[in-house]
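Trainee: Quick one: the structure is below, questions incoming.
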Amino acid sequence: MPQPPGLNDAERRLWAAFPTGASVVLGDDRPAGPDPDRIVRAEVITRLLLGAGEERPGAVASVRLRGAYITGRLDVTGGTVEHELRLEDCRLVEAPDFSNAETRQLRLSGCRMPGFDGGGLRADGYLSLSGSVIDGEVRLPRAQLAGGLRMNGTRITAPGPDKWAIFSGGLVVEVGTFIRDAEITGGVRFVGARMNGGLFMERTTLSNPGRIALDAQNMVVEDAAEFSNGFTAIGTVRLRSARFNGILSFVRARLDASDPSRMALHASHIVADELILWPAGKIEGRVSLSYSRIDIILDHPSVWPDELYLNGMTYHTLRGAGFKDRLSWVSRDEEFHLQPYEQLAAWYHSVGSDDLARKVQLAKLRARRRRLHPVGKAWNHLLDWTVGFGYRPWLAFAWFAALLATGTTVFSIEHPRPIKPGDELPAFHSLIYTLDLLIPLDTFGQQLSYDAVGWSRWVAYGLVMTGWVLATALIAGVTRVLRPN
């Protein structure tokens with residue numbers, strides 16, 4: 001098939017190399033401007049991709065071009081591309097458009113372009129934009145990439161403060177999504193994406209201060225999701241309702257909402273096999289894990305933010321923090337919720353630490369105090385001091401022993417006067433008399449036979465009243481422990 005007329009030297013070389021897939025090198029670097037010896041029109045590349053070039057038996061026809069200055073728009077919208085495209089260190093004046101196209105492998109590495117449109121793209125191989133500089137939006141809504149997505153070392157700048165740097169919805173990537181060592185200014189949208197080979201964003205920086213840095217709601221990731229080893233998010237990382245069938249890792253990452261009142265990590269309603277929340281420093285901003293189901297959580301107190309929402313979250317294993325730190329962990333929500341305490345107590349009980357489980361229940365009731373009215377607070381304090389809400393009944397016996405010793409001493413010094421004639425009275429005993437005053441029932445007959453006199457009468461009144469309070473508190477506390485929450 002003869003070459004079409006009107007081609008320049010660079011285009012003739014490309015057309016001649018196409019049948020064998022040989023690389024055409026027009027320069028060793030990315031052109032800064034329109035060098036006449038390196039100009040290739042996008043329409044020539046488009047024609048070759050869509051079948052206008054000759055194919056040679058025994059060879060794989062493809063477009064492989066390096067160091068070109070590509071004018072016009074590379075547009076294969078809705079087309080079927082049977083040949084591989086590999087552009088290296090090229091300058092594309094206009095954003096390539098592969099929307100709704102069916103292609104083989106696409107590699108635009110080390111290139112500079114004002115955007116990329118792959119909405120609805122279906123690629124049998126991978127899509128690579130690694131090392132490229134993209135001054136505009138990368139669009140991949142509904143794209144299906146059978147060979148993976150690669151953006152290692154890519155620099156993307158959104159076209160405006162309210163625009164996305166990467167925009168996708170319903171993206172499906174097989175093999176794996178690799179966005180390592182990248183710098184992305186603007187938001188990244190992976191809502192509803194399915195990453196069947198994992199998501200790897202180590203050492204990548206997402207910068208969108210005061211806005212969404214990563215929106216991955218309802219995303220599904222098979223294998224690991226690595227936001228680690230230098231990953232930085234300036235803005236909100238939103239993973240609400242995402243599912244991670246593997247590890248979700250923030251090891252040595254940086255999470256900074258750029259505003260303490262904003263969410264740094266919104267991971268409510270997620271499902272994950274393991275969450276490693278151990279960034280390089282304290283998380284700046286709020287974190288929500290509410291209503292999530294996570295099998296294993298590994299974190300550290302030094303990274304927890306001031307506001308942490310855990311209501312409704314369930315887990316099987318906790319690692320990385322001690323008991324006192326875990327009490328602080330569940331109390332970092334400004335609103336009091338029972339469930340985080342109940343879940344923590346249940347976990348300590350499941351690992352055989354029943355004493356720690358009781359302490360968590362105590363902490364729960366003490367934290368609840370701040371929501372009560374004054375009378376409720378007073379009764380709450382009384383239950384706490386006397387019987388530890390039923391979780392420390394030995395306190396009641398300690399109070400009882402102290403009062404018994406006090407009464408015995410007082411009535412040994414100031415004997416009560418007899419009420420009946422001497423022949424009908426039981427022998428007075430200060431210990432038994434004090435017991436009769438403390439126990440709300442007349443058990444030994446001393447209280448009905450003797451009456452305290454003088455100043456000791458006030459001691460007797462105090463013992464009777466305290467006995468009723470102790471008994472009531474003990475019954476209330478035990479009932480609280482035994483009844484379902």
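The values are calculated or read from the model by the stated rules, or taken from the named source; none is laboratory data. Source: prediction; values computed, not measured. Positions of Cβ are generated from backbone atoms using ideal geometry, with glycine treated the same way; all protein chains shown enter the neighbour counts. With ligands, DNA and RNA removed, areas are computed over all heavy atoms of the protein, side chains included. Shrake-Rupley method; radii C 1.70, N 1.55, O 1.52, S 1.80 Å.
Trainee: Looking only at segment 209-224, filter to residues that are over 18 Å from Val287 (Cα atoms) and in a strand (DSSP E or B); which one of those is most open to solvent (accessible area, probe 1.4 Å)?
Mentor: Glu222
Trainee: Go through segment 225-235 and give me each residue that's open to solvent by 10 Å² or more (accessible area, probe 1.4 Å) and part of a strand (DSSP E or B). Please lay out each step first, then the result.
Mentor: Of the residues in segment 225-235, the ones open to solvent by 10 Å² or more (accessible area, probe 1.4 Å) are 226, 229-230, 232, 234.
Those that are open to solvent by 10 Å² or more (accessible area, probe 1.4 Å) and part of a strand (DSSP E or B): Glu226, Thr232, Ile234.
Trainee: Here's something else I'd like to know. Only residues that are among the hydroxyl-bearing types (Ser, Thr, Tyr), open to solvent by 50 Å² or more (accessible area, probe 1.4 Å) and at pLDDT 70 or above: list them for segment 392-447, please. Explain how you work it out, then say what you get.
Mentor: Just the residues of segment 392-447 that are among the hydroxyl-bearing types (Ser, Thr, Tyr), to begin with: 406, 408-409, 412, 430, 433-434, 443.
Next cut, open to solvent by 50 Å² or more (accessible area, probe 1.4 Å) only: 406, 409, 412, 443.
If the condition is that a residue be among the hydroxyl-bearing types (Ser, Thr, Tyr), open to solvent by 50 Å² or more (accessible area, probe 1.4 Å) and at pLDDT 70 or above, then Thr406, Thr409, Ser412 are the ones that fit.
Trainee: Please go through segment 108-140 and give me each residue that is open to solvent by less than 10 Å² (accessible area, probe 1.4 Å), among the small types (Gly, Ala, Ser) and closer than 15 Å to Thr177 by Cα, ordered by number.
Mentor: Matches in segment 108-140: Ala123, Ser128.
Trainee: Here's something else I'd like to know. Counting only residues that are touching a residue at least 40 places away in the same chain (Cβ under 8 Å), open to solvent by 60 Å² or more (accessible area, probe 1.4 Å) and under 15 Å from Val63 (Cβ atoms), how many does segment 1-23 have?
Mentor: Step one: filter segment 1-23 for residues touching a residue at least 40 places away in the same chain (Cβ under 8 Å), giving 1, 4, 10, 14, 17-23.
Next, only the ones that are open to solvent by 60 Å² or more (accessible area, probe 1.4 Å) stay: 1, 20, 23.
Restricting the remaining residues to those that are under 15 Å from Val63 (Cβ atoms) gives 20, 23.
Residues that pass the stated criteria total 2.
Trainee: Continuing with the same structure: Taking the condition open to solvent by 60 Å² or more (accessible area, probe 1.4 Å) and hydroxyl-bearing (Ser, Thr, Tyr), does Ser288 pass? So that I can check it myself, show each step before the final result.
Mentor: On the way: open to solvent by 60 Å² or more (accessible area, probe 1.4 Å): no; hydroxyl-bearing (Ser, Thr, Tyr): yes.
Considered against the rule, which asks whether it is open to solvent by 60 Å² or more (accessible area, probe 1.4 Å) and hydroxyl-bearing (Ser, Thr, Tyr), Ser288 comes out as no.
Trainee: For segment 24-63, which positions are open to solvent by 20 Å² or more (accessible area, probe 1.4 Å), in contact with a Phe, Trp or Tyr (Cβ under 9 Å, 6 or more places away or on another chain) and part of a strand (DSSP E or B)?
Mentor: Answer for segment 24-63, where residues must be open to solvent by 20 Å² or more (accessible area, probe 1.4 Å), in contact with a Phe, Trp or Tyr (Cβ under 9 Å, 6 or more places away or on another chain) and part of a strand (DSSP E or B): just Ile39.
Trainee: Only residues that are within 24 Å of the chain's Cα centre (by Cα), buried (at least 23 other Cβ atoms within 10 Å of the Cβ) and not in a strand (DSSP E or B): list them for segment 152-174, please.
Mentor: If the condition is that a residue be within 24 Å of the chain's Cα centre (by Cα), buried (at least 23 other Cβ atoms within 10 Å of the Cβ) and not in a strand (DSSP E or B), then Leu171 is the only one that fits.
Trainee: If Leu310 satisfies all but one of (1) modelled with pLDDT under 95; (2) in contact with a Leu (Cβ under 6 Å, 6 or more places away or on another chain), what's the number of the condition it fails?
Mentor: The single condition Leu310 does not satisfy is (1).
Trainee: I'm checking my understanding of the structure. Among residues of segment 69-100 that are part of a strand (DSSP E or B) and among the basic types (Lys, Arg), which one is most open to solvent (accessible area, probe 1.4 Å)? Give the steps one after another, and end with the answer.
Mentor: Step one: filter segment 69-100 for residues part of a strand (DSSP E or B), giving 69-71, 75, 80, 84-88, 91-92, 97.
This time we only want the ones that are among the basic types (Lys, Arg), so: 86, 91.
On the way: Arg86: 53, Arg91: 71 Å².
Selected residue: Arg91.
Trainee: Quickly run through segment 99-112 and pick out the residues that are more than 34 Å from the chain's Cα centre (by Cα) and not polar (S, T, N, Q).
Mentor: Scanning segment 99-112 gives Ala101, Glu102, Arg104, Cys111, Arg112.
Trainee: Pull up segment 195-239, narrow it to residues that are farther than 20 Å from Ala143 by Cβ and acidic (Asp, Glu), then point me to the one that is nearest to the chain's Cα centre (by Cα).
Mentor: Glu226
Trainee: For residues in segment 344-366 being among the polar types (S, T, N, Q) and either over 20 Å from Ser292 (Cβ atoms) or crowded, with 19+ Cβ neighbours inside 10 Å (or both), which is modelled with the lowest pLDDT? First the steps, then the outcome.
Mentor: Initially, segment 344-366 is screened for residues among the polar types (S, T, N, Q), giving 350, 353, 361.
Keeping just the survivors that are either over 20 Å from Ser292 (Cβ atoms) or crowded, with 19+ Cβ neighbours inside 10 Å (or both) gives 353, 361.
Values: Ser353: 92, Gln361: 82.
Within segment 344-366, the match that is modelled with the lowest pLDDT is Gln361.
Trainee: Could you list, in sequence order, all residues of segment 314-338 that are part of a helix (DSSP H, G or I) and either aromatic (Phe, Trp, Tyr) or surrounded by 18 or more Cβ atoms within 10 Å (Cβ to Cβ) (or both)? Can you show your working first?
Mentor: First pass over segment 314-338, keeping only residues part of a helix (DSSP H, G or I): 323-330, 338.
Phe323, Arg326, Leu327, Trp329, Val330 - these are the residues of segment 314-338 that are part of a helix (DSSP H, G or I) and either aromatic (Phe, Trp, Tyr) or surrounded by 18 or more Cβ atoms within 10 Å (Cβ to Cβ) (or both).
Trainee: Now for a different question. Pick out the one residue from Gly235, Gly230 that is closer than 18 Å to Arg252 by Cα, touching a Pro at 6+ places or on another chain (Cβ under 8 Å) and modelled with pLDDT of 95 or more. Show your work before the answer.
Mentor: Details: Gly230 fails: touching a Pro at 6+ places or on another chain (Cβ under 8 Å).
Going through Gly235, Gly230 in turn, just one is closer than 18 Å to Arg252 by Cα, touching a Pro at 6+ places or on another chain (Cβ under 8 Å) and modelled with pLDDT of 95 or more: Gly235.
Trainee: Evaluate the following for Asn311: is it of a type in the set (S, T, N, Q), under 27 Å from Ser353 (Cβ atoms), surrounded by fewer than 22 Cβ atoms within 10 Å (Cβ to Cβ) and in contact (Cβ under 8 Å) with a residue 24 or more places away in the chain?
Mentor: yes
Trainee: Met263 passes all but one of (1) open to solvent by 10 Å² or more (accessible area, probe 1.4 Å); (2) touching a helix residue (DSSP H, G or I) at 6+ places or on another chain (Cβ under 8 Å); which number fails?
Mentor: (2)
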